[in-house]
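Novice: Dropping a structure here in C-alpha cells format, bear with me for questions.
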Amino acid sequence: MRHFSFFAATLIVAGTCAAAASTAARAESFQAELRIDGQKPVAGLPNDVAQLDFADGSGRHVALVRQSGRVVSPGALAGATAQDWGFHEVVVGRTVQDRAHGYLVISRSAKDVLYLRTHTREADKDGRGPSSAPLYTGTWRVTGGSGSFRGLWGTGTLSIKSVSATERQWILEGEMGPAQPPAADKKKPAPKATHKQSGHPD
C-alpha cells in the first residue's frame with residue numbers, strides 16, 4: 001500500500017518578498033502563498049513520484065517526489081511557478097514517521113529563479129484529514145538564486161498543514177535579504193623604509 005500520495009500545497013512565507021530587489025544590506029521578512037496540486041501540475045512542470053518499498057517487514061519505504069504549482073499571493077512573487085523536489089523516508093508502524101528533505105524552486109521567469117533547501121518531519125498526529133494542526137514541521141534556507149534573486153540569503157522555520165485530502169498549506173517564517181558583501185581585508189600599511197646614513201670621519 002502506498003503511503004505517500006500527491007497533494008496540493010499552500011505556502012505562506014512570512015513578511016514581504018520585496019527583499020529580492022532590495023539593495024538594503026539588512027534582512028527583511030517576506031510573504032508569499034503557494035498552491036501545489038499533485039493532480040493538476042503546471043504546464044511543463046510534471047508531477048511524479050517513484051517509490052521503493054522495503055520487503056523486510058520494517059514497514060519502510062522511500063519516495064522521490066516532484067510536484068508543481070504557482071504563487072497565488074500578490075507581491076514580488078505573484079504568479080511565479082513553484083516546484084517541490086523532495087526525498088521522503090517513511091516508516092509505517094503504530095504511527096507514521098515521515099522525514100523529508102529537498103528543494104523548493106520558485107521561478108518568476110527563466111532568468112529569475114530562487115532555490116530553497118527544505119527539511120521536514122511528520123508531526124506527532126493521527127490521520128491526514130483537514131486540520132489546523134501542522135502535519136509536518138521543519139526548516140528552510142535559501143541556497144541560491146539567479147537574476148533578481150542572485151545574492152539573496154534567508155533562513156527560517158517551516159510547517160505544513162492540511163487544507164483537504166489532497167491540499168496542503170506550507171507556512172515558512174524567517175528572514176531574507178541581500179547577502180552581506182565579504183568584509184574587505186584590512187591590510188596593515190607597509191612600514192616605511194628607513195635609510196641610515198653612515199657617518200664620515202672628519
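The values are calculated or read from the model by the stated rules, or taken from the named source; none is laboratory data. Values in this document were obtained by computation on a predicted structure and should not be read as measured data. Here the Cβ is made from the backbone with ideal geometry for all residues, glycine too, and neighbour counts use every protein chain on show.
Novice: Can you pull out the residues in segment 29-43 that are crowded, with 17+ Cβ neighbours inside 10 Å and at pLDDT below 85?
Specialist: Ser29, Phe30, Gln31, Ala32, Glu33, Leu34, Arg35, Ile36, Asp37, Gly38
Novice: Of all residues in segment 49-68, how many are among the β-branched types (Val, Ile, Thr) and out of contact with any Gly (no Cβ under 6 Å at 6 or more places or on another chain)? Please lay out each step first, then the result.
Specialist: Start the filter on segment 49-68 by keeping residues that are among the β-branched types (Val, Ile, Thr), which leaves 49, 62, 65.
Next cut, out of contact with any Gly (no Cβ under 6 Å at 6 or more places or on another chain) only: 49, 62.
Adding up the residues that qualify gives 2.
Novice: For segment 129-174, enumerate the residues that are closer than 17 Å to Ile36 by Cβ, touching a residue at least 60 places away in the same chain (Cβ under 8 Å), not aliphatic (A, V, I, L, M) and not in a strand (DSSP E or B).
Specialist: Selection gives Ser164, Thr166.
Novice: Go over the candidates Ser148, Ser68 one by one and state the one that is modelled with pLDDT of 90 or more, surrounded by 15 or more Cβ atoms within 10 Å (Cβ to Cβ) and either within 15 Å of Trp170 (Cβ to Cβ) or touching an Asp or Glu at 6+ places or on another chain (Cβ under 7 Å) (or both).
Specialist: Ser148
Novice: So how many residues does segment 78-97 have that are touching an Asp or Glu at 6+ places or on another chain (Cβ under 9 Å) and either free of Cβ contacts under 8 Å to residues at least 40 places away in the same chain or over 25 Å from Ala55 (Cα atoms) (or both)?
Specialist: Counting residues in segment 78-97 that are touching an Asp or Glu at 6+ places or on another chain (Cβ under 9 Å) and either free of Cβ contacts under 8 Å to residues at least 40 places away in the same chain or over 25 Å from Ala55 (Cα atoms) (or both) gives 5.
Novice: Okay, next question. Which strands (runs of 3 or more DSSP E) sit wholly inside segment 21-121 and have at least 1 residues that are more than 18 Å from the chain's Cα centre (by Cα) and closer than 23 Å to Pro134 by Cβ?
Specialist: 48-53, 60-71, 81-92, 96-107
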